[in-house]
1. Can you pull out every residue in region 39-49 that is buried (at least 17 other Cβ atoms within 10 Å of the Cβ) and out of contact with any strand residue (DSSP E or B) (no Cβ under 8 Å at 6 or more places or on another chain)?
2. Taking the condition of being more than 16 Å from Glu203 (Cβ to Cβ) and either at pLDDT 95 or above or in a loop (DSSP other than H, G, I, E, B) (or both), how many residues in region 260-279 meet it?
3. Counting just the residues of region 77-89 that are among the aliphatic types (A, V, I, L, M) and surrounded by fewer than 20 Cβ atoms within 10 Å (Cβ to Cβ), which one comes out modelled with the highest pLDDT?
4. Being acidic (Asp, Glu), surrounded by fewer than 20 Cβ atoms within 10 Å (Cβ to Cβ) and under 20 Å from Leu123 (Cα atoms) narrows it down to one of Asp98, Asp74, so name that one.
5. Go through region 185-203 and report how many residues are of a type in the set (A, V, I, L, M, F, W, C), under 18 Å from the mean Cα position of the chain (by Cα) and within 10 Å of Phe155 (Cα to Cα).
6. When you look at Glu174, is it without any contact (Cβ under 8 Å) to a residue 60 or more places away in the chain, assigned to a helix (DSSP H, G or I), over 21 Å from the mean Cα position of the chain (by Cα) and surrounded by 15 or more Cβ atoms within 10 Å (Cβ to Cβ), yes or no?
7. Of everything in region 187-243 that's among the β-branched types (Val, Ile, Thr) and assigned to a loop (DSSP other than H, G, I, E, B), which residue is nearest to Met259 (Cα to Cα)?
8. Is it true that Ser166 is in a helix (DSSP H, G or I) and either crowded, with 22+ Cβ neighbours inside 10 Å or in contact (Cβ under 8 Å) with a residue 40 or more places away in the chain (or both)?
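The values are calculated or read from the model by the stated rules, or taken from the named source; none is laboratory data. Model, not experiment: these values are computed from the prediction. Every residue, glycine as well, gets a Cβ built from its backbone with ideal geometry; the counts of neighbours run over all protein chains shown.
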Amino acid sequence: MNGQKASFRLDRFLTLHLFRALMRPDREKAAILMYHSISNGHENGQSYFRTITSPSVFSEQMRFLDESGCNVVDLMTLIHALKAGGDLPPRSVALTFDDGFRDFYTEAFPVLERYGFPATVFLVTGRIDMGEPLNGKSCLSWDQIRELDRAGITFGSHTVNHPTLSVLPQKELEFELTRSKERIESELGKSIDSFCYPFGFPEHDRPFLAKLLSILASNNYKCCLTTRIGTAAAGDDPFRLRRLPVNSMDDSRLLEAKMAGAYDWLQTCQTVYKRFVPPQVKVI
């Protein structure tokens with residue numbers, strides 16, 4: 001698993017050569033991997049902000065999970081185990097895919113099906129209804145979503161329009177969280193338990209988080225996944241769950257170190273950055 005290109009990565013160097021050596025094994029840690037698009041494409045910027053994983057690298061990553069004995073489980077199964085505080089099987093992993101891109105159907109699902117791996121896909125329902133792309137990429141159709149649901153793939157809400165939630169008025173915030181859940185449930189005929197926060201999770205904005213968590217609870221969401229970097233552990237708040245970003249630049253050594261918790265140090269950098277840099281309003 002070589003990634004897109006051979007180049008120096010400071011986050012990889014520190015993870016493998018400093019933090020991996022300092023950490024202690026922890027059976028209670030679990031990894032929620034965060035994927036976005038499974039496609040070929042070029043990205044600039046820091047490696048941990050990238051959101052594209054090539055189909056060939058994704059296939060290698062799934063083979064690594066299988067051959068290294070990882071316990072790949074359904075997201076809600078993992079969350080229930082963490083909430084209960086019981087023992088988790090070692091190397092427990094849940095796979096999540098943000099944005100609901102069509103390439104999940106064409107590129108990711110055939111690989112997941114080969115290994116029998118469960119996964120959760122978070123949908124931006126407004127883009128699906130309008131047949132509009134997101135970040136220049138086509139989204140799943142409702143027909144494809146129903147087919148994937150019958151095949152065992154789980155779905156969750158990723159809002160209606162993928163806005164910067166923390167700047168929305170109360171009514172618009174309620175609409176994004178409520179309508180997206182209702183729309184998925186109406187198409188699949190089953191309850192939807194999980195929500196995935198778009199963009200950077202504003203952990204320092206306590207008044208906003210109080211509103212967010214109140215709306216999630218009133219709509220019977222059972223969890224909220226975030227972009228906060230790190231592994232999950234028993235006793236974590238199910239409405240502020242950390243995940244591990246994965247993309248084409250992650251080789252097997254780094255992926256294994258991430259799942260072991262050696263990448264968790266980056267959350268401190270992420271938190272400090274968010275404290276001093278206000279959230280950007282993004283339109284995509």
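1. Keep residues of region 39-49 that are buried (at least 17 other Cβ atoms within 10 Å of the Cβ), which gives 39, 47-48.
Matches in region 39-49: Ser47 only.
2. Within region 260-279, the first condition is being more than 16 Å from Glu203 (Cβ to Cβ), and the residues that meet it are 260-263, 265.
Applying the additional criterion that residues be either at pLDDT 95 or above or in a loop (DSSP other than H, G, I, E, B) (or both) yields 261-263, 265.
Qualifying residue count for the region: 4.
3. Result: Ala81.
4. On inspection, the qualifying residue turns out to be Asp74.
5. Residues flagged as of a type in the set (A, V, I, L, M, F, W, C), under 18 Å from the mean Cα position of the chain (by Cα) and within 10 Å of Phe155 (Cα to Cα) within region 185-203 amount to 2.
6. On the way: without any contact (Cβ under 8 Å) to a residue 60 or more places away in the chain: yes; assigned to a helix (DSSP H, G or I): yes; over 21 Å from the mean Cα position of the chain (by Cα): yes; surrounded by 15 or more Cβ atoms within 10 Å (Cβ to Cβ): yes.
When the stated conditions are applied, Glu174 passes them.
7. First, pick out the residues of region 187-243 that are among the β-branched types (Val, Ile, Thr): 192, 215, 226-227, 229, 231.
Right, trim to assigned to a loop (DSSP other than H, G, I, E, B) and you get 192, 231.
Details: Ile192: 27, Thr231: 7 Å.
Among those that are among the β-branched types (Val, Ile, Thr) and assigned to a loop (DSSP other than H, G, I, E, B), it is Thr231.
8. Values: in a helix (DSSP H, G or I): yes; either crowded, with 22+ Cβ neighbours inside 10 Å or in contact (Cβ under 8 Å) with a residue 40 or more places away in the chain (or both): yes.
Against the criterion (in a helix (DSSP H, G or I) and either crowded, with 22+ Cβ neighbours inside 10 Å or in contact (Cβ under 8 Å) with a residue 40 or more places away in the chain (or both)), Ser166 qualifies.
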